[in-house]
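These notes concern the structure reproduced below.
What follows draws every value from the coordinates through simple rules; no lab data is involved. Quick caveat: nothing in here was measured; it's all calculated off a predicted structure. With ideal geometry, Cβ positions are generated from the backbone for all residues, glycine too; neighbour counts draw on all protein chains shown.
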Amino acid sequence: MEKRSCMLLGAVLLSAASLFAGGASEAPKAESAQSTGAVKTKVTYPVPTKDGAFPLPITSKPTEFTIFLNFNNMPFDSSWPVWQEMAKRTGISLKSVISKSNSNEKEAFNLMLSSGKLADVIGYVSATDLEKLGHDGGLLPLNDLIRQYAPHIQWYLDNDKKFANTAYSLDGNIYYVPKNQTLKFSEFWWIRKDWLDKLGLQTPTTVDELHDVLLAFRNGDPNGNGKKDEVPLFDRAGNKMPDEYLWLWDSSTEFYVRDGKVEFEPLGANFETAVTNLRKWYEEGILDPEFFTRGPKGRDILMTANLGGCTHDWVSAGNYNTKLQNEYPGLEMVAFAPPADQHGVVKERTERFPGVGWGISTQCKDPVTLIKFFDYCFTPEGQELLNWGIEGLTYTKDADGTKHFMDNVLNSELTPVGYLRSLGCLYRVGCCQDANYEIAVASPAAQAAARLYESHPEWYLSEEPPYADGRLDMKLRPEDDAQYKKVMSTIRPYVDEKFQSWILGTSDFKSDYPAFVKELKSRGIDDAIAIVQRGYEAYTHR
Ligand code: CA
């Protein structure tokens, strides 16, 4: 899944905004309105301190802490203007212990651990490894420090369940402050609106209507070249993500929680419906014939050849509307609601979750000052710096507080996100990723997608545990984790192989299925289900 993850990471940063569409009463409030083609979205963050003020500077005498952080092959750089500004305001500066040339995060992390000399601040790509460092005594439990000295972080722990569930490890300690997400959605269903119009079709609202529309795409020559060459349904993750299709019938090749019970979905009734239909769709030419080999460039290949009709993907799927307008005038990808499944339920399974941030090592001499600095990153001022950069340099502010990026950001050769990053914004630290900066750089199609999905929180399962990339992402106890990996390393390839053979028709699903279920049992699927169930209960009953 690694390639997919990298790709998604890139896409996250170009996404448009939704703002805690679910828990409106607890979350930062969002107001959005559309005017003259631009979306204005304003987020107001809570001010949990009693008098609403954050005492600055944090230290009267400039204080320096060491930091280990290497995000996207960019080691932390204290000369970044945003962090210089933070140092100026707070009195606290951070000095990287990674040389600028060392871009291998894992190697540098292991090197630091084996040296026995830990930086004061430590962030790392893997939550499991960070928590392990905590269990092993390398990171401080932050619970008490936060309670006493970090009211902004505490507010999120008390009011944002997803944030809290990410922050607490299974032993009840907090070893790192997460990077929070103010966005709810991640991916959308996309369809060629101009093809619908050309064939006189309505946007499909159910999986059966989707079938009929896609069959019409296949047979009706909507690209107008006189050939039956359209690829109605495609996905750029190829064989790694059969789930994107299985979701249409509320199934997957993964674990899933229903009514508090963990299921392995290939054992469920929906899976039979899904595979039977997908096989039919494949035979009818609805499903990409190169489904299993297309790979991550698939979307670009099919869109630039004017062949692709419908997909489930990030906001970047809307970029073709402008990119390909000269070649294919009228080309229009629009986001549409997830089609209702065979039971009439509309559901979107992809969603954003908070990620890893940073922790404080047990070798740090002054953790109190440091946790105050961590807290500063969650203040409105800190969030503005980390998301928007510096007023007058990267953005301007209207009288009502609405911010606008300046031309040097919007027209940067590095892309807006790349440029902001080069100044130290949007780094992987404990903070809140602000939806507003994302919407400020989004395309019209992306903004429309954002508005549609944002206005339907009921499509999302807010109480569900995190699904990273559509895969259940639970924290497991180390002994459980080892057993889980042992079992699933033989099950996953088996499921993938069988699934492929059923879709391609090299073996018959109906006659295979009883033996398939038996084989899953003999490979220990019940063990794995029990382990994931324990992880789920620890998550929900912490
Ligand atoms: Ca054609």
Is it fair to say Val429 is more than 23 Å from Ala237 (Cβ to Cβ) and in a loop (DSSP other than H, G, I, E, B)? yes
Within the stretch 307-334, considering residues that are among the aromatic types (Phe, Trp, Tyr) and more than 16 Å from the ligand (Cβ to nearest atom), the one nearest to Phe234 (Cα to Cα): Trp314
Gly138 small (Gly, Ala, Ser), touching a Ser or Thr at 6+ places or on another chain (Cβ under 8 Å), within 29 Å of Glu479 (Cα to Cα) and touching a residue at least 40 places away in the same chain (Cβ under 8 Å): yes
Starting from the stretch 306-321, take each residue that is more than 15 Å from Ala446 (Cα to Cα) and of a type in the set (A, V, I, L, M) and list its partners that are part of a loop (DSSP other than H, G, I, E, B) and within 15 Å of the ligand (Cβ to nearest atom), counting only C-beta distances under 8 angstrom and pairs at least six apart or across chains. Leu307/Asn223; Leu307/Asp229; Leu307/Glu230
Complete set of residues in the stretch 510-526 that are closer than 27 Å to Gly260 by Cβ and crowded, with 16+ Cβ neighbours inside 10 Å: Tyr513, Phe516, Leu520, Arg523, Gly524, Ile525
Where residues in the stretch 493-509 are surrounded by 13 or more Cβ atoms within 10 Å (Cβ to Cβ) and touching a residue at least 40 places away in the same chain (Cβ under 8 Å), which of them is nearest to Leu520 (Cα to Cα)? Val495
Restricting attention to the stretch 174-209, the residues that are buried (at least 17 other Cβ atoms within 10 Å of the Cβ) and polar (S, T, N, Q) number exactly 4
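Quick grid of which residues meet (1) closer than 26 Å to Phe163 by Cβ; (2) free of Cβ contacts under 8 Å to residues at least 60 places away in the same chain:
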{"site": "Lys323", "(1), (2)": "no, yes"}
{"site": "Gly330", "(1), (2)": "no, no"}
{"site": "Pro339", "(1), (2)": "no, no"}
{"site": "Lys347", "(1), (2)": "yes, no"}
{"site": "Gly355", "(1), (2)": "yes, no"}
{"site": "Val368", "(1), (2)": "yes, no"}
{"site": "Thr379", "(1), (2)": "yes, no"}
